[in-house]
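Student: Starting off with a structure, shown below.
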Amino acid sequence: GRIAVSKFEADRKIDLILMDVNMEIMGGLEATTRIRGMEANNRCERRIPIIGLSAAAMNGDRERAAASGMTDYLTKPVDRKCLLNVLERYVGKLQNGASGNNDSKHSVRPNKRRLNKY
């Protein structure tokens, strides 16, 4: 988490962040909140997509991820097709000149199926 915040401070041109929710020194939720704060304070043109990753998908995890500012959420083990869909959804839009993900339709989406390990 702390490394993601430092990298974002150093280079705002990052296309997307895959953020583990549970990390020791600084968790992904706290790191996401800090990054969103930096975006707001600097009036960034777009919100960088932050995709939360968690192995322990418990009730309320998606809601906590959304509340921290995460754009989307995947459970581990990550299904390759789900990951590719998420990358295309957010990075593909950025490469095609979209203005970012500031509107509410880009919120954390529930993933109702169990992801398979590859």
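Student: Spelling out what I want: for every residue of the stretch 33-45, take phi, set θ = phi - 60°, compute 6.51 cos²θ - 1.76 cosθ + 1.60 (Karplus), and round to whole Hz; glycine and proline get x.
Tutor: So the Karplus estimates, Gly and Pro as x, are 4, 5, 5, 4, x, 5, 4, 5, 5, 9, 6, 4, 5 Hz.
Student: In addition: Over the stretch 1-85, what per residue volume does the convex hull of the Cα atoms give, in whole Å³?
Tutor: Working: hull volume 7.9 nm³, N = 85.
It is 93 Å³ per residue.
Student: Also, I was wondering about something else. Can you give the net charge of the other residues whose Cβ lies under 14 Å from the Cβ of Lys13, counting K and R as +1 and D and E as -1?
Tutor: With Lys, Arg at +1 and Asp, Glu at -1, the net is -1.
Student: List, in order, the whole-Hz ³J(HN,Hα) value for each residue of the stretch 11-21 obtained from phi through the Karplus relation with A = 6.51, B = -1.76, C = 1.60 and θ = phi - 60°; use x for Gly and Pro.
Tutor: 9, 7, 8, 5, 7, 6, 10, 9, 10, 5, 6
Student: Roughly speaking, to the nearest percent, how much of the stretch 1-63's 1.4 Å accessible area is carbon and sulfur?
Tutor: 49 percent
Student: Ordered by packing density, taken as the mean number of other Cβ atoms within 10 Å over each peptide's residues, highest first, how do 65-74, 30-39 rank?
Tutor: Averaged packing, sorted descending, gives the order 65-74, 30-39.
The values are calculated or read from the model by the stated rules, or taken from the named source; none is laboratory data. In this text, all values refer to a predicted model and were calculated from it rather than measured experimentally. Glycine also receives a Cβ, built like all others from the backbone with ideal geometry; neighbour counts cover every protein chain displayed. Remember, those area values only see protein heavy atoms, side chains included, never the ligands or the DNA or RNA. Shrake-Rupley method; radii C 1.70, N 1.55, O 1.52, S 1.80 Å.
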